[in-house]
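Okay, structure first, notes after.
The values are calculated or read from the model by the stated rules, or taken from the named source; none is laboratory data. Note that the structure is a prediction, hence the values are computed from the model and not measured. Reconstructed Cβ throughout: ideal geometry from the backbone, glycine too, with neighbour counts over all protein chains shown. These area figures cover heavy atoms from the full protein model, side chains too; ligands, DNA and RNA do not enter into them. Shrake-Rupley method; radii C 1.70, N 1.55, O 1.52, S 1.80 Å.
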Amino acid sequence: MYLLFSVIIFPNFEYIINSDGISYINIATNYLNGHIFQAINGYWSPLYSWLLVPFIYIWPGNLENVISTKILSIIIGLFTFIAISSILTKLSMDNYQKTITLLALLPFMLYFTFNYISPDFLVVCTLLYYMNFLMDERYRKTWLMGILTGFLGVMGFLAKSYVFFFFLIHFILVNFFYVKKFPMDKKTIQKNFLLGLSVFLVISGLWAGMISEKYGTITIGTTGSYNYALAGPNSSGHPIFSQGLIKPPHEFSTSSWDDPSCFHINKWSPFKSTQNFQHQIRIILGNLYDLILLSFNLMFIPFFTIIMALFLFFKTDKESIKNNLVLILGTMLIYLSGYLIILVEERYLWFVLILSIILGFYTLNMLYKERYLMKKIYVSLIIVLILCLAFYPISLLHSYSGACSGAYMVSMDLKSHGIKGNIASNDHWEMMDYFGYYLDDQYYGITGNKSSLELRRDLDLYQIDYYFIWDESLPGDSLGEIVYKNQYFRVIKVY
């Protein structure tokens with residue numbers, strides 16, 4: 001059904017593109033073309049781009065690369081379904097219960113596949129397999145499972161640097177929990193812990209060493225430090241919107257967003273002053289508010305799921321059920337905690353969302369089996385859960401349908417007018433980034449509100465060939481010749 005629906009709706013989403021996606025595509029292209037130094041990136045983790053390389057090799061072309069990201073996401077979705085099904089089996093759910101749960105997840109899986117080009121779906125997939133091996137009873141019986149969990153932790157880190165600290169904290173706490181709960185398997189658990197940690201640190205260290213060498217400082221990735229600095233008390237927002245024209249980091253870049261590690265942005269610490277600490281508290285409260293809004297979009301299903309799980313935990317006498325609840329709830333809490341400190345975005349929490357849905361169906365099934373729910377109430381709650389979960393992703397899929405096709409069509413029109421070179425604009429950074437990608441141009445960013453003299457100076461300094469003006473009231477005749485015009489913008493060929 002997932003494949004069938006993916007094929008049916010594919011034409012409505014094939015043009016969807018975003019600036020993050022452009023960066024991942026450009027990095028994959030650099031790997032393919034042998035530009036390894038330019039491809040190694042501290043901000044954009046490498047695994048998603050590595051997986052894109054075969055698609056770009058087989059089917060080259062700018063639009064083809066965008067379409068390839070959707071095909072890759074469908075493949076990731078298939079493996080994610082397998083991982084979820086395996087976890088449901090470990091939670092002792094029968095085939096009927098598994099089928100109901102997977103069907104309820106179908107709209108979300110389609111939404112994750114098509115709405116955005118990012119590694120977040122890949123993170124979900126790798127971490128679900130990590131959880132799958134960690135929950136396997138064989139983890140306490142054979143040392144091979146430690147190697148597998150460590151390797152999957154590495155895959156998660158290579159998909160997104162946030163997973164580095166999540167894995168370390170989560171893996172340590174889960175193994176400590178297992179030692180306490182299963183003392184008879186203590187030696188095997190400790191061996192798996194050491195093996196898993198060793199595999200994770202060695203392979204992660206290789207990648208961390210490469211990016212540390214490139215940037216001249218010890219780091220596992222620059223994404224977290226950049227986003228944390230962006231949330232600082234004196235931050236003026238993303239430099240691409242506030243610092244004027246910025247030269248792309250190298251000759252194969254579409255824009256400066258291909259490597260935000262190069263931006264100059266002020267770092268801060270919540271412990272440096274009372275004001276900073278208060279600002280950190282405001283960030284956390286703001287992120288909690290955003291979390292509540294997200295839960296509201298999901299009809300508060302995650303909150304109800306957690307309440308039901310806690311009720312079951314205190315009511316049941318079965319240790320196996322309690323262990324499963326602790327593992328899933330603890331994982332959700334640990335994963336969520338890091339983002340609450342910095343920034344909460346919906347796609348960052350897809351892993352937590354999938355776990356909350358699994359937890360919801362598992363809890364309802366256990367409440368029914370433990371005779372805390374009558375059959376009619378159980379069936380009614382299952383139906384309500386399915387309907388509530390379907391509304392949000394289906395509505396978003398509908399709203400995104402056909403998105404970004406206009407950007408491609410306009411880009412092709414611009415290309416037919418011979419617009420090629422360094423480009424800049426007075427506004428609409430992200431749309432201009434799309435144009436830069438499709439035109440194989442380099443986009444230097446937005447100039448902002450500047451006098452004619454300052455604007456001319458900047459355009460000359462960065463050797464801008466074409467300047468896009470998105471405001472009819474702004475003059476442009478003094479800068480050069482109008483070579484393209486539509487209802488949205490004018491293109492000036494700079495003298």
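Overview of values
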| item | result |
| --- | --- |
| Options S478, S452, S401, S473: the member that is free of Cβ contacts under 8 Å to residues at least 12 places away in the same chain and open to solvent by 50 Å² or more (accessible area, probe 1.4 Å) | S473 |
| All positions within region 295-308 that are open to solvent by 30 Å² or more (accessible area, probe 1.4 Å) and part of a helix (DSSP H, G or I) | F296, N297, F303, F304, I306, I307, M308 |
| Residue count for region 327-346, restricted to those that are in contact (Cβ under 8 Å) with a residue 60 or more places away in the chain, assigned to a helix (DSSP H, G or I) and open to solvent by 30 Å² or more (accessible area, probe 1.4 Å) | 3 |
| Which numbered condition H279 fails, given (1) open to solvent by 20 Å² or more (accessible area, probe 1.4 Å); (2) under 21 Å from the mean Cα position of the chain (by Cα); (3) in contact (Cβ under 8 Å) with a residue 24 or more places away in the chain | (2) |
| Identity of the residue in region 138-163, assigned to a helix (DSSP H, G or I), touching a residue at least 12 places away in the same chain (Cβ under 8 Å) and open to solvent by 30 Å² or more (accessible area, probe 1.4 Å), that ends up nearest to K187 (Cα to Cα) | R140 |
| Failed condition for S253, given (1) closer than 30 Å to Y437 by Cβ; (2) out of contact with any strand residue (DSSP E or B) (no Cβ under 6 Å at 6 or more places or on another chain); (3) not in a loop (DSSP other than H, G, I, E, B) | (3) |
| Region 309-323 - residue that is open to solvent by 30 Å² or more (accessible area, probe 1.4 Å) and in a helix (DSSP H, G or I) and, of those, nearest to L349 (Cα to Cα) | L310 |
| Unmet criterion (only one of (1) β-branched (V, I, T); (2) closer than 30 Å to V384 by Cβ; (3) open to solvent by 30 Å² or more (accessible area, probe 1.4 Å)) for I265 | (2) |
| Among (1) surrounded by fewer than 23 Cβ atoms within 10 Å (Cβ to Cβ); (2) modelled with pLDDT of 95 or more; (3) among the hydroxyl-bearing types (S, T, Y), the one test that Y116 misses | (2) |
| For F271: the one exception among (1) touching a residue at least 60 places away in the same chain (Cβ under 8 Å); (2) surrounded by fewer than 16 Cβ atoms within 10 Å (Cβ to Cβ) | (1) |
| Hits in region 87-106 - residues which are closer than 24 Å to R138 by Cα, surrounded by fewer than 18 Cβ atoms within 10 Å (Cβ to Cβ) and at pLDDT 95 or above | T89, K90 |
| Cβ pairs under 8 Å, 6+ apart, first in region 179-203 and within 26 Å of S320 (Cα to Cα), second surrounded by fewer than 18 Cβ atoms within 10 Å (Cβ to Cβ) and of a type in the set (D, E) | K181/E319 |
| Filter result (of a type in the set (G, A, S) and in a loop (DSSP other than H, G, I, E, B)) within region 404-462 | G418, G421, G448, S451 |
| Matching residues in region 236-259 - criterion: being touching a Ser or Thr at 6+ places or on another chain (Cβ under 9 Å) and either free of Cβ contacts under 8 Å to residues at least 12 places away in the same chain or hydroxyl-bearing (S, T, Y) (or both) | S236, S242, S253, T254, S255 |
| Region 8-64, residues that are of a type in the set (S, T, N, Q), in contact with a Gly (Cβ under 7 Å, 6 or more places away or on another chain) and either open to solvent by less than 50 Å² (accessible area, probe 1.4 Å) or farther than 23 Å from M409 by Cα (or both) | S45 |
| Selection within region 231-259 - within 29 Å of L285 (Cβ to Cβ), hydrophobic (A, V, I, L, M, F, W, C) and surrounded by fewer than 20 Cβ atoms within 10 Å (Cβ to Cβ) | A231, F241 |
